[in-house]
Each structure stands twice: as structure tokens, then as C-alpha cells.
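Beneath this line is the structure, given in C-alpha cells, with notes to follow.
The values are calculated or read from the model by the stated rules, or taken from the named source; none is laboratory data. Computed from a predicted model, the values in this text were never measured in an experiment. Cβ: placed from backbone, ideal geometry, glycine included. Neighbour counts: every protein chain shown. When the accessible area is computed, the model is the full protein with side chains, heavy atoms only, and any ligands, DNA or RNA have been set aside. Shrake-Rupley method; radii C 1.70, N 1.55, O 1.52, S 1.80 Å.
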2 protein chains.
Amino acid sequence: MKQFLPGTTRLGFIGTGVMGKSMLTHCINKGYVNPTIYTRTKEKAQPLIDLGAKFVETPREVAQNSDVIICIVGYPKDVRQVILDEKDGVISGIGKGSVIIDMTTSEPSLAREISEKAAEKGAHSLDAPVSGGDIGARNGTLTVMAGGEEEVFSAVQPLLASMGKALNYMGPAGNGQHTKMSNQILIATCMIGVVEGLLYAQKAGLDVEKVLTAVSAGAANSFSLQSYAPRILKRDFNPGFYVEHFVKDMGIALKESEEMGLNLPGLKLAKQLYDQLIEQGGAKYGTQALILALEKLNNIQ
Amino acid sequence: MKQFLPGTTRLGFIGTGVMGKSMLTHCINKGYVNPTIYTRTKEKAQPLIDLGAKFVETPREVAQNSDVIICIVGYPKDVRQVILDEKDGVISGIGKGSVIIDMTTSEPSLAREISEKAAEKGAHSLDAPVSGGDIGARNGTLTVMAGGEEEVFSAVQPLLASMGKALNYMGPAGNGQHTKMSNQILIATCMIGVVEGLLYAQKAGLDVEKVLTAVSAGAANSFSLQSYAPRILKRDFNPGFYVEHFVKDMGIALKESEEMGLNLPGLKLAKQLYDQLIEQGGAKYGTQALILALEKLNNIQ
């Protein structure tokens, strides 16, 4: 299988939200010029159209004009619609030898289904969710966790390398999503620790900034502590990563766990606390807003 | 207040377990020679006696022969006994102007009590628990979190610097312990995430080593993941930090939280899971053995 190199590859891109916009911009800058794109709200795609992207009216048309179709949308139901819809979906227009790369964090079972449908058309697919958030997307330093055929992964490496710095091949279709689930499970409980540690420090009357300095030097250190604790102290709940998306991810992880007969009490607790946060109106905040759920639980204003 | 410098300071040391032995060795090497020491089991102190330490039969005698008395023992009840016992405790033999430094992870309220008793004798005290574990103790890179009079903290800085690299003054008596509690709360839930993330990856049939590589590069990274996940994969449950000591710490943190009217569900869950691990016989394992509790919960052999 030939590599999909800049200059000779016709790129398609579906979903130009916060993540997608940055990612596609990197692809264009690396030489994957004049991509064909589709997104629900055309206005959001305007900056990309200004960079030479051609907007079409359906995912099907994206597929008809592309050798590689990247998709990064919100929820599994969106993935299902843009990729598998029989009338307008990518799969309805895809050509032989083309590759679908779904970079949405979505369901492993859906990734396997897409892989089978693509194969029926003589095409290929990878599930390749990312971690690193908006900042990683902007800086082109995302971590990619890919499942699918290894040969296909190798063929799209130059393209993935435009967007990410750590490209991980994890095995057959669905394994990219499973790896991302493992990642989200790690983050979920870690964030509980961050907000509980901060709440304790505050309630004990400590200088919380000093506590942060002290504990960051040792065994309590984590990416979450470094990235989110300072924002929490400033009461900055702007989204790097949306609460509602994180809840979606944890929902998938819980469902998958249950299907595997796995009881993960930490993940369950995290999901409960974040569900509570959404009930309080926190869906559009960043994940660090978890402290609001703990404050409510403790009647702290 | 004068600084307690090597050469002119008579050092006392109580508790020469895994941590204490390394810490006192550093002090001796930095010039705090011929300390007076006490520990429950004299045989354990032999390597230090070989380095010039003078063994005495009671904490009281340690105090009688020392300007600064460092204590690092197991549980708050041990701290109470070696420091506050009216007949044989440090407080019964301490001289005016001397300083007690309790480096055990213990109760904030006990730290305040020691501070008051020391003041009655014209002496001083600091609560100065550490993080960094056996490796930090061995390398002299501990993080110290100190509560007490700031002037006293300054006076013993050269001594603390023999054992630790990050010396944090956190405020009045008890605040060192409170900071350590915040630290332990952070670690507790983070470790749940590590073991649940690994279990999920394993159950999903992923190559867990590859998952570790992938997730360590991004937002799921933490000291716990870096330090403990590789040991878990090797089924290495040797103690860096004993389960039974961690459970003690979480017990203190929970009690303090309750006294402050603070409900911390993540900490509670961690305590429950670690209690379960002790029931399974894991008290003398390292904290990474938490995976055994999760495996049992899921009937995984």
C-alpha cells in the first residue's frame, strides 16, 4: 500500500469544530492542500474555505472527492450519521482503496462496524482518537491512538504526523478507541483527587498556592494537577475539554466495561460527579469545573 | 534564633526504619555527626551505630542529649508515646530552646498538642512530614512540608536540607500535616485511576505496555502512572510505600475531613478499596498492589 503523501493525496475532512479546525489547518500547511470538507454549520468552516478548502453539502460528496477522509465530530451518533448513513454518509460515496480515519472519541464496537462496512466497499478505516485537547490540536502535538490494519496505519502516517507527535498503532479495529477509554479512565479519577485535594487544603485554612507548589514536587504530581489546579484557583472554568464530551467518553467507557463484565468503582464515581455537574448547568464548562460539584455536595458557595 | 549548623548542633533521632535510616545517614554525612538515637528494635539501628550514632534506651535520653530531635515513626500513637510520654518521652527530657521535628505523617491536632507542650518547656516544635518515599529518602530528595513557627523553620533549614530538596513552610503548627493530607488525597484517587485504566486495557485485549506508552505522553500522565504502572505490569508488589501506612494516612485525612464537615467521596472510595486490600492480606505490600483489590472485586485471578 502506497503512502498518502502531500501533493498527491486528495484529503477530505468532516467536522471543523475547535479540534478539527486546528487539525485541518496543520494538514493544509503541511501540503495537503485544497481539501474537500463538510461540517454541520457552514459558517464555522469559513476560515478553512479561506485557506482553499472546498465545502460540499454531504459527507458522501466528501468521500467521492477524497483518498483519505478524516472525521472528528461530537458523539457516536454523529459518527454513525456522517460515516454510515446509506444515502449521504461517507460509506455511500467512498472509492476502492480509500481510507476513513475517524478521530472522534467514540465506541470500539462502532469502529469495528465502520471497518467492516469499509471493507465491503474495498476501502479501509482506522479508529484514531487523540489526546492533548485544544492546545495539542493547535500546536500539532496530539497523541494519536490508532486501531485498524497496520498497513493502512503506515500508509497514512505522513498525514497523521501533520497533526500529532506521538502516533501509536494499537492493533485491530476498535483498539484505538479502547486505548482512548483507558486514557479517559485514568484522567477521570485523577481529576477527583485534584479537586478533593484542593478542597481539603482550602478548608484546612492552608495557602492553596503554596500547597500546590509543595505537592507538585513529589508523588502527587500529575498532568491534571499541573494543568487544571491553577485554573481552578483562578475560578477559570473555560473549556479546554468540555464536560459534556468527557461525560460522553465516560459513558462509553462504562458501557464497554459492563459489556466486558468489569466493575470500575472509580470510573463510576467520576461519572456520577460529572453527571451532577451537568445537572448544575456545567455541561459547557471545562473538566476542571468538577470542583463545582464537590462544592455543591459540601454546601460551599 | 541561631541556625542549627553541622558541627555545633547535637542531633537526636528517633525511629530508624526504612525512611529514618536513610535520612539520618544523610545528616551524618552532612556533618551532624555522633547523633543520639533511639528506636524500638536496637538491631535495626546497628548500621547507624557503626556510623558513630550513640544508642540510648529512651526518647527522654535522646532529648536530654540533643538540641534538635527528629522523629519519624509509624503511627500517631507512636508519635504520642515517643514525644509526649510523661516519663520517657522527648518532652520529659527536652531543654530550653531545643527543637522537636516530627517528620512522621500524623495528625494535625497532635502536631498542635506537641507544639503547646514544647512551648510549656521553653522549647519548640515543627510538624514536617515528607513525600518522596524510600527513594526520595535514599537520594536526599524528599519534599518537606513544615508547620510551626517560621523562625524555627529557618533555624533548622540546614538540617532539613540534608534530607530534602524542596523545603516548604506551610504556616502554623499542624499545617505541615494538613499539607501532607492534601498530598495523600491527591495520590489516593490517582492510584484508583491507574489500576482501573490498566485493568480496562488488559480486559479489552490491548497490549498494556503499548497503552502505557501511548497514555503517558498526554493528559493521563502522572507520577503514579510513571512509577507504579510498570511495577504492576511486572506483578512487583514490593513496598516503596506500605499499604498499611497509606491506609493510616487516609484514615487521618478522612477523620480530619469529617471534623471540618467535608465529604470527599473519592478519598472514601480509595480508603474502602485499600481496606479491602488489607483484608486480602496486602498490608505489607506497596501501594501499587491496589490492583489486587480491583482484581478480586472482578473475580480476576
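Listed values, structure above:
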{"item": "Among residues of the range A:98-119, those that are out of contact with any Ser or Thr (no Cβ under 6 Å at 6 or more places or on another chain) and open to solvent by 30 Å² or more (accessible area, probe 1.4 Å), counted", "result": "7"}
{"item": "From the options A:T25, A:T36, residue that is touching a Lys or Arg at 6+ places or on another chain (Cβ under 6 Å), on the phi < 0 side of the Ramachandran plot and at pLDDT 95 or above", "result": "A:T36"}
{"item": "Residues that are part of a loop (DSSP other than H, G, I, E, B), touching a strand residue (DSSP E or B) at 6+ places or on another chain (Cβ under 6 Å) and open to solvent by 10 Å² or more (accessible area, probe 1.4 Å), drawn from the range A:17-52", "result": "none"}
{"item": "Residue match in the range A:117-125 (condition: under 19 Å from A:V152 (Cα atoms), without any contact (Cβ under 8 Å) to a residue 24 or more places away in the chain and either under 17 Å from the mean Cα position of the chain (by Cα) or not in a strand (DSSP E or B) (or both))", "result": "yes"}
{"item": "Residue ID - farthest from the chain's Cα centre (by Cα), chosen from residues in the range B:290-301 that are more than 7 Å from chain A (Cβ to nearest Cβ), outside any loop (DSSP other than H, G, I, E, B) and hydrophobic (A, V, I, L, M, F, W, C)", "result": "B:L294"}
{"item": "Residue selected from the range A:271-289 under the condition surrounded by fewer than 18 Cβ atoms within 10 Å (Cβ to Cβ) and within 11 Å of chain B (Cβ to nearest Cβ), by the criterion nearest to B:L267 (Cα to Cα)", "result": "A:Q272"}
{"item": "Any chance B:T8 is open to solvent by 80 Å² or more (accessible area, probe 1.4 Å) and hydroxyl-bearing (S, T, Y)", "result": "yes"}
{"item": "Close pairs from the range B:68-95: first in a strand (DSSP E or B), partner open to solvent by 10 Å² or more (accessible area, probe 1.4 Å) and of a type in the set (F, W, Y), Cβ under 9 Å, at least 6 apart", "result": "B:V68/B:F4"}
{"item": "Number of the condition not met by A:G122 [criteria: (1) buried (at least 24 other Cβ atoms within 10 Å of the Cβ); (2) at positive phi]", "result": "(1)"}
{"item": "Residue within the range B:202-210 that is at pLDDT below 95, outside the structural domain of B:D134 (by TED's automatic domain parsing) and among the small types (G, A, S) present", "result": "no"}
{"item": "Residue match in the range B:128-141 (condition: facing chain A (nearest Cβ under 7 Å), among the hydroxyl-bearing types (S, T, Y) and free of Cβ contacts under 8 Å to residues at least 24 places away in the same chain)", "result": "no"}
{"item": "Single unsatisfied condition, B:Q202 versus (1) in a helix (DSSP H, G or I); (2) crowded, with 24+ Cβ neighbours inside 10 Å", "result": "(2)"}
{"item": "Breaking point among (1) closer than 15 Å to B:V195 by Cα; (2) open to solvent by 10 Å² or more (accessible area, probe 1.4 Å); (3) of a type in the set (S, T, Y); (4) under 21 Å from the mean Cα position of the chain (by Cα), for B:S216", "result": "(4)"}
{"item": "Residue among B:F223, B:F241 that alone is without any contact (Cβ under 8 Å) to a residue 60 or more places away in the chain and touching a strand residue (DSSP E or B) at 6+ places or on another chain (Cβ under 7 Å)", "result": "B:F223"}
{"item": "The range B:257-270, subset within 7 Å of another protein chain (Cβ to nearest Cβ) and under 21 Å from the mean Cα position of the chain (by Cα), residue surrounded by the fewest Cβ atoms within 10 Å (Cβ to Cβ)", "result": "B:S257"}
{"item": "Selection count, the range A:151-165, where residues are over 15 Å from A:S98 (Cα atoms) and either within 14 Å of chain B (Cβ to nearest Cβ) or more than 17 Å from the chain's Cα centre (by Cα) (or both)", "result": "5"}
{"item": "Whichever residue in the range B:264-289 is assigned to a helix (DSSP H, G or I) and without any contact (Cβ under 8 Å) to a residue 12 or more places away in the chain and, among such residues, is nearest to A:L198 (Cα to Cα)", "result": "B:P265"}
{"item": "Condition met for B:A137 (open to solvent by less than 10 Å² (accessible area, probe 1.4 Å), modelled with pLDDT under 95 and at negative phi)", "result": "yes"}
{"item": "Residue count, the range B:205-219 (criterion: within 7 Å of chain A (Cβ to nearest Cβ), assigned to a loop (DSSP other than H, G, I, E, B) and among the small types (G, A, S))", "result": "3"}
{"item": "Out of B:G193, B:G147, B:G176, B:G171, sole residue that is over 26 Å from B:F241 (Cα atoms), within 12 Å of chain A (Cβ to nearest Cβ) and either touching a Pro at 6+ places or on another chain (Cβ under 7 Å) or open to solvent by less than 20 Å² (accessible area, probe 1.4 Å) (or both)", "result": "B:G171"}
{"item": "Cross-chain or 6+ apart pairs with Cβ under 6 Å, the range A:250-263 first and touching a residue at least 40 places away in the same chain (Cβ under 8 Å) and in the same structural domain as A:I278 (by TED's automatic domain parsing), then open to solvent by less than 10 Å² (accessible area, probe 1.4 Å) and not hydrophobic (A, V, I, L, M, F, W, C)", "result": "A:A253/A:Q184"}
{"item": "Yes/no for A:N183 being open to solvent by 20 Å² or more (accessible area, probe 1.4 Å) and either facing another protein chain (nearest Cβ under 7 Å) or assigned to a helix (DSSP H, G or I) (or both)", "result": "no"}
{"item": "A:I14 buried (at least 18 other Cβ atoms within 10 Å of the Cβ) and closer than 29 Å to A:F246 by Cβ", "result": "yes"}
{"item": "Condition broken by B:K248, with the remaining ones in (1) under 23 Å from A:Y200 (Cβ atoms); (2) not in a helix (DSSP H, G or I) satisfied", "result": "(2)"}
{"item": "Single residue of the range A:220-245 satisfying the filter (within 11 Å of chain B (Cβ to nearest Cβ) and over 30 Å from B:V144 (Cα atoms)) that is least open to solvent (accessible area, probe 1.4 Å)", "result": "A:G240"}
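Residues checked against (1) outside the structural domain of A:P76 (by TED's automatic domain parsing); (2) out of contact with any Gly (no Cβ under 6 Å at 6 or more places or on another chain); (3) aliphatic (A, V, I, L, M):
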{"position": "A:G89", "(1), (2), (3)": "no, yes, no"}
{"position": "A:S106", "(1), (2), (3)": "no, yes, no"}
{"position": "A:A119", "(1), (2), (3)": "no, yes, yes"}
{"position": "A:S131", "(1), (2), (3)": "no, no, no"}
{"position": "A:I135", "(1), (2), (3)": "no, yes, yes"}
{"position": "A:V152", "(1), (2), (3)": "no, yes, yes"}
